[in-house]
1. Assign unit charges at the C-beta atoms only (+1 for Lys and Arg, -1 for Asp and Glu), then state the dipole size of the protein assembly as shown relative to its Cα centre in Debye, rounded to the nearest 20.
2. Of the DSSP beta bridges with both residues in the protein assembly as shown, give the percent that are antiparallel, rounding to the nearest 5.
3. Simple spin-label model, 7 Å along Cα-to-Cβ: B:GLU61 to B:THR136 in nm?
4. Distance cut-off 22 Å, Cα to Cα: go down the list B:LYS13/B:LYS169; B:LYS13/B:LYS228; B:LYS13/B:LYS258; B:LYS22/B:LYS248; B:LYS169/B:LYS228 and report the pairs above it.
5. Non-local amide H neighbours of A:GLN38 (under 5 Å, H modeled in plane, Pro and chain starts lacking H): which ones?
6. Would you please give the FRET efficiency between A:GLU139 and B:LEU42, computed as 1/(1 + (r/R0)^6) with r the Cβ-Cβ distance and R0 = 45 Å, to the nearest 0.05?
7. With a ≥ b ≥ c taken as the square roots of the eigenvalues of the C-alpha gyration tensor of chain B, please select rounded if a/c is under 1.5 and otherwise prolate if a/b is larger than b/c or oblate if it is not?
8. Could you pull out every residue, at least 5 positions away or on a different chain, whose amide H is within less than 5 Å of the one on A:GLU119? Hs are placed 1.01 Å off N in the peptide plane, and Pro or chain starts have none.
Amino acid sequence: MTPTRKRRLVAVLLILAGVSVASTIAFYSLQENMLYFQSPSDLAVQPIPPGRQFRLGGLVKPGTVERQEGGLATQFIVTDGPKEVLVEYVGILPDLFREGQGVIARGSLNGTGTFDASEVLAKHDENYMPPEVADALEETGHVLPKKPNS
Amino acid sequence: MNSNTATKAKPRKHPVVLFIHKLGSPPWFYDFAGKFIPWLWLIFGVLTVLGLYLGLVKAPEDYLQGQSVRIIYLHVPAAWMSMMIYSSMAVMGFIALVWRIRIVEILAMASAPIGAAFTIVTLTAGSLWGRPTWGTYWVWDARLTSELVLLFLYLGVIGLYNSIDEPRKAARAACLLAIVGAVNLPIIHYSVKWWNTLHQGSSISLMGGSSIDSSMLYPLLIMAVATKFYYGANLLTRARIKLLEQDKRKAWVREILKEKN
C-alpha cells in the first residue's frame, strides 16, 4: 500500500471511529427516553404520577376482558407476569386484540391506580404459523393468544 | 547477489488479482457487466414469479393475522435489501475513498437510488400491515424511526452526489456520508432487542431456529434471493450508463457507438 493510500485509510478509519463513539454515547444517554413503553413491573419499581401520559405495555391477562353491553367501553388487565394493571378503554380495539396477546396502551393513571387508555395498539410477536399448526400446538398444551368470547 | 536482482523484477500477478485489476478498466467492466445483466434479470424474473406465487397463493394464512400476513413476502425481503445495499454502498464507499477507483465510486453511487427504493417499499408495506394488525399506520418506536433515518441517509447521499458538479469529487463527498451513516445499520438491526418497541423481534435468524412456519419461510427466502438478483441487475445497468455518460468523449465509447451505427 502506498503512503498516500495508507494516510487516507487512517483518516477514514479515524472518522468512522469518532462517529461510532459519538453515536454510542448519544444512544446510551437517550436509552431511557427511547423506551417505547413501560411494563407493569417498570411501574412498580418507578411509579409514574397520576395524570402523566405514558405508554403501558404487556399481555392481556386471559379471562379479564369485560365489554360493556351495547357500548364501546372495555376493561382488561395488562400483566407481565409478576405485576398487573387494570386498563379501561372506550373505543374500537384493533383486530389483533386477543386474550394473551401483547398490547400497548397510551394514557395515564387515574387516582385509583386504574389506567385510562386513549389508544390501544396490539403488539404482534415474532411467531407466524398457519391455523392448523396453531391448533396442533394448542392440543399439545401450548398457550396461544385467543379471541375473547369466541 | 544474482538471486536478489531476480526477485526485484516485477512478480507475475495472481490471476484473481489480475481479474480485479481488469474490472477497474472502464471498457473491460462495460463488456463484462453487459454479458451478465440479461442473466441477472432473467433469474430475478423467474424467482420473483415463483416467490410471489408461493407466497400470495400457496402459503397458508396466519392463525392470528389472517391474509394480511402475506405482506411479509414484500416487507421483509425489502427491509433486508435496504440494509444490505446500504452496507455494500458503505464498503464500496470506503474502497473508493482509500483507493480512488472510479468504477467503485460509480457502483457505490448507483446503489443509493436502489436502496432508497427498497427502503420506501419497506416503510410503505410495513405501514399498510401495521394498520390492520397493530391498529395504526405509524408509531415513533426505535425500529420504525431508525428505518426512516435510513431513508433520509440514502436521500442525503443522492442529494450530496448531485449537488457537486465534478463527478469524482461529488462521489468522494457522498461516499464519506455513506460510511458515516453506516452506524445506523446496527441500530436498526438491534433496535428491537435494545429497546421496547411496538415492532416485533426477528423471526428468522441464521443461527438457531426460526419462529416462522416452514410453509411461510420458503416463499420468503425465495423472494429474498430474487431481490438480490434485482439489485445486481439494476446496479450493473445503472453503472454502465453512468460510465458511458462520464466517458462520452473517450475513444472506447466512440468505438462502441461506431459499432452500434
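Every number in this text was worked out from the coordinates using simple rules, so none of it is lab data. The structure displayed is predicted, hence computed values, not measured ones. Note: ideal-geometry Cβ built from the backbone for every residue, glycine included; neighbour counts use all protein chains shown.
1. About 3440 debye.
2. Details: 27 of 32 bridges.
Taking every DSSP beta bridge within the protein assembly as shown, about 85 percent pair in antiparallel fashion.
3. Going from the B:GLU61 label point to the B:THR136 one covers 2.7 nm.
4. Over 22 Å apart, Cα to Cα: B:LYS13/B:LYS169; B:LYS13/B:LYS228; B:LYS13/B:LYS258; B:LYS169/B:LYS228.
5. A:ARG55, A:LEU56, A:GLY57
6. 0.45
7. Working: a/c = 1.96, a/b = 1.83, b/c = 1.07.
In terms of gyration-tensor shape, prolate.
8. Correct list: A:ARG106.
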